[in-house]
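What follows is one structure encoded as structure tokens, with my remarks underneath.
The values are calculated or read from the model by the stated rules, or taken from the named source; none is laboratory data. All values reported here derive from a predicted model rather than from experimental measurement. Positions of Cβ are backbone-derived with ideal geometry, glycine not excepted, and every protein chain shown enters the neighbour counts. All accessible areas refer to the heavy atoms of the entire protein, side chains included, with ligands and DNA or RNA removed. Shrake-Rupley method; radii C 1.70, N 1.55, O 1.52, S 1.80 Å.
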Amino acid sequence: MAISEQDAGAPDALERLGLRVAACLDPDEVGRIAVLGLVAEFGAAFARLWLVGPGDLCDECTMASTCENREQCLHLAASEGISRNVDGAYRRVPFSNLKIGEIASRRESHWTNAVLQDPRVAHKEWAREHAQRSFAGYALVVDGELLGVLASFGKERLPAETFRRLGVFAQLVAIALRNARLFQQP
């Protein structure tokens, strides 16, 4: 059940979600919990997680012609909200492509409350159709290693304090991913 806009910034919503992510020892489950929680508990309209992986689908990737590095790219690992599909056009995103790849290559977060005016949002028609107003994306970095990108769209304005708090949550996701991977190593 989604929480109301008034309660969306309540300290316990992200804290509860962060604790669930931190307790998980399966990397795939960390991603599912994160994106589902952002939609179901925090009120995001759409949330996705991409993880760094090998350049394995270059021959069929729709962005191959603009890819500078065919050794690694971002793999869509989890999606919730408007679409749960992880096999669509954005299943692989090269570094520096679109807003997701730019977040990864710069290792910086990105936030806007004007999705339709943001030049990094490639599909304005999709954003208009689904009444998307805000976007927040975070590079998942632990000890200098880029693990992926966590991103969400919303129908409501995203206050600066909420963007900051989501950044703390994204860091918890990054740490949980690294810990889960370490736990699964023989």
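Could you say whether any residue in the range 126-145 is modelled with pLDDT of 90 or more, among the basic types (Lys, Arg) and within 18 Å of residue 54 (Cα to Cα)? No, the range 126-145 contains no residue that is modelled with pLDDT of 90 or more, among the basic types (Lys, Arg) and within 18 Å of residue 54 (Cα to Cα). Just one of (1) open to solvent by 60 Å² or more (accessible area, probe 1.4 Å); (2) modelled with pLDDT of 75 or more; (3) farther than 17 Å from residue 123 by Cα fails for residue 85. It is (3).
Take the conditions (1) open to solvent by less than 40 Å² (accessible area, probe 1.4 Å); (2) among the small types (Gly, Ala, Ser); (3) under 19 Å from residue 51 (Cβ atoms); residue 154 misses just one of them, which is (3). The residues of the range 98-132 that are under 18 Å from residue 165 (Cβ atoms) and free of Cβ contacts under 8 Å to residues at least 40 places away in the same chain, listed by number, are 108, 110, 112. For residue 168, the stated conditions do not hold, so it cannot be described as open to solvent by less than 60 Å² (accessible area, probe 1.4 Å) and either in contact with a Ser or Thr (Cβ under 9 Å, 6 or more places away or on another chain) or among the β-branched types (Val, Ile, Thr) (or both).
Can we say residue 99 is in contact with a His (Cβ under 7 Å, 6 or more places away or on another chain) and surrounded by 13 or more Cβ atoms within 10 Å (Cβ to Cβ)? So residue 99 passes the test.
If you go through the range 44-69 and pick out every residue that is more than 18 Å from residue 153 (Cα to Cα) and either in contact with a helix residue (DSSP H, G or I) (Cβ under 6 Å, 6 or more places away or on another chain) or modelled with pLDDT under 85 (or both), you end up with 16.
Restricted to the range 102-116, and to residues there that are open to solvent by less than 30 Å² (accessible area, probe 1.4 Å) and not polar (S, T, N, Q), the residue that is farthest from residue 168 (Cα to Cα) is 115. Search the range 138-186 for residues being outside any helix (DSSP H, G or I) and among the aromatic types (Phe, Trp, Tyr), and hand back the single one that is farthest from residue 110 (Cα to Cα). If we take residues in the range 138-186 being outside any helix (DSSP H, G or I) and among the aromatic types (Phe, Trp, Tyr), then 153 is farthest from residue 110 (Cα to Cα). Within the range 117-130, the set of residues being assigned to a helix (DSSP H, G or I) and open to solvent by 60 Å² or more (accessible area, probe 1.4 Å) comprises 117, 125, 126, 128, 129. Does the range 70-77 include one or more residues that are more than 14 Å from residue 52 (Cβ to Cβ), at pLDDT 85 or above, open to solvent by less than 60 Å² (accessible area, probe 1.4 Å) and touching a strand residue (DSSP E or B) at 6+ places or on another chain (Cβ under 6 Å)? No, the range 70-77 has no match at all.
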